[in-house]
Amino acid sequence: MNKSNSGLTRRNFVKSSVITGLGAVIATGYSSAISLSGFAKPATNIADALKYARNTSSMPGLFPGKVTEIFHANSVNEKKISLEAVNQMLTKGMLELTGTKKIEKAWAMFVKPGEKIGLKVNPVAGKELSTSIEIVKAVISQLEKSGIDKNDIMIWDRREFELSEAGFTAENFPGIKITGTECKDDKGSFTDETGKLYGEERIDKNWYYWADVEGKYDAETLPYMINEGKNSYFSKICTEMADKIINIPILKNAGASVTLCLKNLAYGAISNTGRLHDQLWADTCAEVCAFPPIRDKVVLNIVDGLIGCYQGGPAANPQFITNFNTVLIGTDPVAVDRIGYEIIYKKRVEENIQKEESPRGRAFLEMAERLELGVADIKKIDHKKIKLA
Amino acid sequence: MKFQYFIGLLLISFLKTEAQPAVLNVQKIGLENYHIVYSNYYDGNSLWGYMDGGADLYLEYGFTGLLVEEINYKGAVIKCEIYKMKDSLAAFGIFSIQRHKCKFSPEIKGSHCINNYQVQLAQGNYYISLINQTGDLSVQQISLEIASKFSNSIGEKEIQIPDIQNFRLKNQQLIFINGKIALGNVYPQALNYLENISDFSMWMLPADNKKEPVISLITFENSSQQAEYTQLAFPGIQFEKSARVKLNKGGYRMAQKLNDHLVLQAEGKIGKELKKMFETSE
């Protein structure tokens, strides 16, 4: 596996951190939480994450609590996304978010030449419901205009093969590295000749999210999880390969909740996730993002709401897939998720799928706010709306 | 070494084939002149490999295996997802939670739902989803033809729904829920009193509009779970045979014990007729 020169270890993370601020939340040992219903939940090592002081890139980033929502009526036509419209939406949104007049200046606030930039997409639901090729092309085009070398950009997710199935191929993105933590070889095997999973080489055992829930998998499932036990290891894509991450999830529901910025990062960056869905879904979404490889590297969130879904997610169920014709942009993943949550909730009510709002649906946002990752209170969010066409 | 590797591969492919239960496929329904573009089988928890977190809902209902066959038939590309569930109720349940704004066809025997881009079918232990890319009328017809062949091949009758008048009248909207994930999808407010009850199932009739209540028939594993529900759903209220509580958002939650593990509940704005039904047994 290729490693970039910007390797980040647990030790140099501590060295590079600015030791300020977070003294009050530093704790030792593992903590357990109380669920909304008052029952104790499994303990996690979130206290470990909070030991690391923040730096200037840490969430919620340069614009806490600010979200730009761009709507373009002609961005999707007959399931086809207009690259031109998306480019326009991205430009307007970036300028509005940053308050600059030139798009190069806007991008320069987040990334600079020489840095390795990882674009975290979501290809989980196949061609029907994944981050669109068009929005990623628009981001890459603007990054290049802002001086970022193509060789320093990579598209990534957990599953390399899903990236390819969703259209993230060398053909569509010539010269851009496309990589995943879980991967197969040319013959379709997850393991090498010795039976070792290729994915094992791609996780960083220095960085892990521990939760008191045991992951046990059958032989068919293990390649998708990489390891069993109580640790979920961070991908080396986050800890070593990328200096900065631009998060590009798709606007999707997950039951009465949403799977947007925080979920895309949390479940996309670690191994052994199967065990975390049942009791710790909300906690995982919030807590994994509080670990430095995510918290201190994700500089921008761009939600692809051109085509999304309001029910049946995170899988693709065509009757619930709709054109939202929207893009959300912000540095604060919690605030962006809160606005996305609102869009999906309104659509669910409109379609008579949900009658009333369930506080459980946004519990992960409140957890994330308590971890100082962003603003969950909708009244405190600076929500700018732009309508195009 | 190479020989051992080859034997190993053979053994793996043999075991994989052996592990696959007899799942219905496109070949078995008698479809002719089609071409398989893609095919994969997912067993048990490996469903996470296909749909990541979306798998939990299927696993909660009780999932045996999924065969995905993407076929090219009469010039149309159709993705056939053939889910074998643990029983017919599980198949109906997963179908019921995913149907929306359905059209129907007399050519399909089982519970089904037709949309422009998808035909869904629940029959016997199978939940089948046929997805097309274009939504064109001609492609919808091709999907319907395939769905009809699946329906004829399964040949099993539909599941029995509970004998409650409202359920019978609106059986095309009835949802079967078998756990917290499904509940969170369609009736999240009920998690307030059911989240910590480990084994329950529910037949749920959603409200058509704000003037109607959600009506549900909840089956608990035992009487102690039923007692836990009554405490959480009707805190501080004596619950012999029936009870009601006024909701903060307006309307009522009313329930009636049908036996020591079965409860009929209505939640929302409850009309006179329904109210009377609950009150007669108070």
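The values are calculated or read from the model by the stated rules, or taken from the named source; none is laboratory data. Note that the structure is predicted; figures quoted are calculated from it, not measured. Here Cβ is always computed from backbone atoms with ideal geometry, including for glycine, and neighbour counts include all displayed protein chains.
Brief remarks follow.
Yes or no, residue by residue, for (1) surrounded by 22 or more Cβ atoms within 10 Å (Cβ to Cβ); (2) within 18 Å of the chain's Cα centre (by Cα); (3) under 20 Å from A:LEU90 (Cα atoms); (4) among the aliphatic types (A, V, I, L, M):
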| site | (1), (2), (3), (4) |
| --- | --- |
| A:LYS112 | no, no, yes, no |
| A:GLU115 | no, no, no, no |
| A:LYS120 | yes, yes, yes, no |
| A:VAL136 | yes, yes, yes, yes |
| A:SER141 | no, no, yes, no |
| A:LYS150 | no, no, yes, no |
| A:ARG159 | yes, yes, no, no |
| A:THR181 | yes, yes, no, no |
| A:ASP185 | no, no, no, no |
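- Within the stretch B:107-211, strands (runs of 3 or more DSSP E) holding 2 or more residues that are within 15 Å of the chain's Cα centre (by Cα) and more than 15 Å from B:CYS80 (Cβ to Cβ): B:111-114, B:175-177, B:200-205
- Within the stretch B:112-159, the set of residues being touching a Lys or Arg at 6+ places or on another chain (Cβ under 6 Å) and free of Cβ contacts under 8 Å to residues at least 24 places away in the same chain comprises B:CYS113 only.
- Filtered by the rule that a residue be within 20 Å of B:MET51 (Cβ to Cβ) and free of Cβ contacts under 8 Å to residues at least 60 places away in the same chain, the stretch A:217-241 gives A:TYR217, A:ASP218, A:ALA219, A:GLU220, A:THR221, A:LEU222, A:PRO223, A:MET225, A:ILE226, A:SER232.
- For B:LYS241, the test of being more than 14 Å from chain A (Cβ to nearest Cβ), more than 23 Å from B:ALA90 (Cβ to Cβ) and without any contact (Cβ under 8 Å) to a residue 60 or more places away in the chain is passed.
- Members of the stretch A:172-205 found to be more than 27 Å from A:ASP149 (Cβ to Cβ), outside any strand (DSSP E or B) and out of contact with any helix residue (DSSP H, G or I) (no Cβ under 8 Å at 6 or more places or on another chain), listed by number: A:ASP186, A:LYS187, A:GLY188, A:SER189, A:THR194, A:GLY195, A:LYS196, A:TYR198, A:GLU200
- Hits in the stretch B:265-282 (condition: closer than 21 Å to A:GLU356 by Cα and surrounded by 14 or more Cβ atoms within 10 Å (Cβ to Cβ)): B:GLN265, B:ALA266, B:GLU267, B:GLY268, B:LYS269, B:ILE270
- Qualifying residue in the stretch A:316-326 (condition: in contact with a Ser or Thr (Cβ under 6 Å, 6 or more places away or on another chain) and either buried (at least 24 other Cβ atoms within 10 Å of the Cβ) or over 18 Å from A:GLY268 (Cβ atoms) (or both)): yes
- Unmet requirement for B:PHE92, which otherwise passes all of (1) touching a residue at least 40 places away in the same chain (Cβ under 8 Å); (2) more than 12 Å from every other protein chain (Cβ to nearest Cβ); (3) touching a helix residue (DSSP H, G or I) at 6+ places or on another chain (Cβ under 6 Å): (3)
- Scanning the stretch A:55-87 for residues being at pLDDT below 95 and either in a loop (DSSP other than H, G, I, E, B) or closer than 24 Å to A:ASP296 by Cα (or both) gives a total of 5.
- Close contacts from the stretch B:98-110, counting a first residue that is touching a residue at least 40 places away in the same chain (Cβ under 8 Å) and within 14 Å of chain A (Cβ to nearest Cβ) and a second that is assigned to a loop (DSSP other than H, G, I, E, B) and surrounded by 20 or more Cβ atoms within 10 Å (Cβ to Cβ), with Cβ to Cβ under 8 Å and a gap of 6+ residues or different chains, come to B:CYS102/B:ASN115.
- Matching residues, the stretch B:249-272, being assigned to a strand (DSSP E or B) and on the phi > 0 side of the Ramachandran plot: B:GLY268
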